[in-house]
1. Could you state the principal axis extents of the C-alpha atoms in region 2-119, from the largest down, to the nearest angstrom?
2. Among bridges DSSP assigns within the chain, what percent are antiparallel (round to 5)?
3. Would you mind calculating the relative contact order of the chain from Cα pairs under 8 angstrom and at least 6 residues apart, reporting the percent as a whole number?
4. Across 10 Å bins from the origin, how do the percents of Cα pairs in the chain run, short distances first?
5. Arrange the following residues from fewest to most other Cβ atoms within 10 Å of their Cβ: Arg17, Arg210, Arg67, Arg133.
6. Among Glu175, Glu7, rank each residue by its count of other Cβ atoms within 10 Å, from fewest to most, as a rough exposure measure.
7. So if each residue of separation counts as 0.36 nm, and I subtract the Cα-Cα distance between Lys200 and Ala152, what length gain in nm does that give?
8. Only counting other Cβ atoms within 10 Å, I'd like Phe103, Phe25, Phe205 sorted with the fewest neighbours first.
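Rule-based calculations on the coordinates, nothing more; no lab input. Here the structure is a predicted model, which means the values were calculated and not measured. Backbone-built Cβ (ideal geometry, glycine too); neighbour counts: all protein chains shown.
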Amino acid sequence: MRLLLVEDDRMIGESVRAALRQDGFAVDWVRDGRAADETLQSERFDLVLLDLGLPQRDGLDVLRALRARQDATPVIVLTARDALEDRVAGLDAGADDYLVKPFELDELAARMRAVLRRHGGRADTAMECDSVRLDPATKQVTLRGEPVMLSAREIAVLEALMLRPGAILSRAQLEDRLYGWGDEIESNAVTVYIHQLRRKLGADFIKNVRGVGYYVGRPA
Ligand code: CA
């Protein structure tokens, strides 16, 4: 899952980003409202964590612009403003939930799961390909109905491939899925995760097109 964190407070931003990465999210972090708006117009995210008091452009403004573009990306508002009208304004502007700072990271994680589950509500979110099934909300993977234990990053690679069966993803595209901006990427990381996934899900499950990339399912 790819997540955009919009937060101008360095301490909060760093701790939230570290905790979410630990949970296997690819986190991109921007620190002002204008950057948030531009990023949201050019990139896709599974979830946005949005501070309201931001330099350049207010968080509420960014949120209203997002919804005005008919973009339904889930948004959780992070606000230091405890006032009722601010929380109401956030929800009215199209937020899916809000958290008042300071908050516990465990609570943030629980709210995120709830919002992602609700959004997943468009029918069954689980993805299936051959005998492998992946539920992105719970991160559960089964092979022929039997649970398979995968690491967060193995799941991130698997999810990217299963989102578009038959589509070939290059190593760079898979790396992009694994990490947010500014993260160091070990040059053979994708190869290692693919190897692990094949070991756990069957050697033929992920196919390789030499020099191009990887895919699951039938070639498009
Ligand atoms: Ca702020």
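1. Principal extents (Cα only, largest first): 32, 32, 30 Å.
2. Of the beta bridges lying entirely in the chain, close to 45 percent run antiparallel.
3. This gives 16 percent for the chain.
4. Result returned by the calculation: 8, 32, 33, 19, 7, 0.
5. So the ranking, lowest neighbour count to highest, is Arg210, Arg67, Arg133, Arg17.
6. Glu175, Glu7
7. That works out to 15.9 nm of additional length.
8. If I rank by nearby Cβ atoms, fewest first, I get Phe103, Phe205, Phe25.
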